[in-house]
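The values are calculated or read from the model by the stated rules, or taken from the named source; none is laboratory data. Because the structure is predicted, anything quoted here is derived from the model rather than measured. Cβ: placed from backbone, ideal geometry, glycine included. Neighbour counts: every protein chain shown.
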Amino acid sequence: MYRLKLHKRVVKFIESRNPKDKLRIKEKFLYLQNNPYPSNPQTDTKNMSNSTNGFRLRVGNYRFLYDVVEDELIIYIEKADNRGDIY
């Protein structure tokens, strides 16, 4: 199981959401910890075209950009924003 590391901007973004959205985000993060790669059917993840380890997680209208550090089993979520504002 991978460990999640969240950038402080991501924590602030999640905390500013309503309770229903927070719960959905946390549920997706639990699925992501088991398998952070796009082959996981429980998460909507894709490879980022401009990065080798970069991925995108979709939770409703929110997007989370993350990298996987395989040798340390860490998922580092570095950006979070609304769908149109993150790219």
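Below, the figures for the structure above:
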{"quantity": "Test: residue in the stretch 44-54 that is modelled with pLDDT under 90 and within 23 Å of residue 18 (Cβ to Cβ)", "calculated": "yes"}
{"quantity": "Residue in the stretch 10-22 that is closer than 18 Å to residue 55 by Cα and either touching a helix residue (DSSP H, G or I) at 6+ places or on another chain (Cβ under 8 Å) or surrounded by 13 or more Cβ atoms within 10 Å (Cβ to Cβ) (or both) present", "calculated": "yes"}
{"quantity": "Test: residue in the stretch 49-65 that is touching a residue at least 40 places away in the same chain (Cβ under 8 Å), in a helix (DSSP H, G or I) and within 16 Å of residue 10 (Cβ to Cβ)", "calculated": "no"}
{"quantity": "Within the stretch 66-87, tally of residues that are without any contact (Cβ under 8 Å) to a residue 60 or more places away in the chain, surrounded by 13 or more Cβ atoms within 10 Å (Cβ to Cβ) and not acidic (Asp, Glu)", "calculated": "3"}
